[in-house]
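For reference, the structure discussed in these notes is given below.
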Amino acid sequence: MIGKEVIKSEPIPSSEVKEILENFAEDNELNYQQNVTLNHLARFKRYSADDAEEIYQKLTEEFGLRDKVAVHIIDLVPEDLADMRLIFAKEPTKTTKEDMEKILEMLEQYDFIE
């Protein structure tokens, strides 16, 4: 990747990545990596981009989670406390069991897209 540099790096939910790639594909031809990424994203259950944004806001503002952790929760779609513990395993601050349960309850309010 000669002549390219990273200007900004931030975690974004996979549903937003999928939407960006689909919009880009309308006017342009996708390269190999973009096609592989789009095919990969189509295989897993996920939230809509709007729901993902709303969940992200709740996780960062109400629960005080870091951006990276909030995006992991949105992308991995945890189903129980064991999944939540894996997501929080390497976090420097500990999240209580009660907060994890509240997050799971909040996630149950949202539907998946196909």
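Filter the range 1-21 down to the residues that are of a type in the set (A, V, I, L, M) and open to solvent by 60 Å² or more (accessible area, probe 1.4 Å), then identify the one that is nearest to LEU76 (Cα to Cα).
Step by step, filter the range 1-21, then rank; the result is ILE20.
What's the number of the condition LYS58 fails, among (1) at pLDDT below 95; (2) touching a helix residue (DSSP H, G or I) at 6+ places or on another chain (Cβ under 9 Å)?
(1)
Keeping to the range 1-54, report how many residues are touching a residue at least 60 places away in the same chain (Cβ under 8 Å), outside any helix (DSSP H, G or I) and of a type in the set (Ser, Thr, Tyr).
2
Would you tally the residues in the range 101-114 being at pLDDT 95 or above and more than 15 Å from GLU54 (Cα to Cα)?
Looking only at that region, the number is 2.
Given the conditions (1) within 13 Å of the chain's Cα centre (by Cα); (2) modelled with pLDDT of 90 or more; (3) open to solvent by 60 Å² or more (accessible area, probe 1.4 Å), and given that PHE24 satisfies all but one, which numbered condition is not satisfied?
(1)
Just checking, does the range 63-81 include any residue being in contact with a strand residue (DSSP E or B) (Cβ under 9 Å, 6 or more places away or on another chain), under 20 Å from PRO11 (Cβ atoms) and surrounded by 16 or more Cβ atoms within 10 Å (Cβ to Cβ)?
Yes, the range 63-81 contains at least one residue that is in contact with a strand residue (DSSP E or B) (Cβ under 9 Å, 6 or more places away or on another chain), under 20 Å from PRO11 (Cβ atoms) and surrounded by 16 or more Cβ atoms within 10 Å (Cβ to Cβ).
Provide a single number: the residues in the range 82-105 that are open to solvent by 40 Å² or more (accessible area, probe 1.4 Å) and either of a type in the set (Phe, Trp, Tyr) or in a helix (DSSP H, G or I) (or both).
Adding up the residues that qualify gives 10.
The values are calculated or read from the model by the stated rules, or taken from the named source; none is laboratory data. Note that the coordinates shown come from a computational prediction; the quantities given were computed from them, not determined experimentally. Positions of Cβ are backbone-derived with ideal geometry, glycine not excepted, and every protein chain shown enters the neighbour counts. Each accessible area value is taken on the protein alone, full model and side chains, heavy atoms only, with ligands, DNA and RNA left out. Shrake-Rupley method; radii C 1.70, N 1.55, O 1.52, S 1.80 Å.
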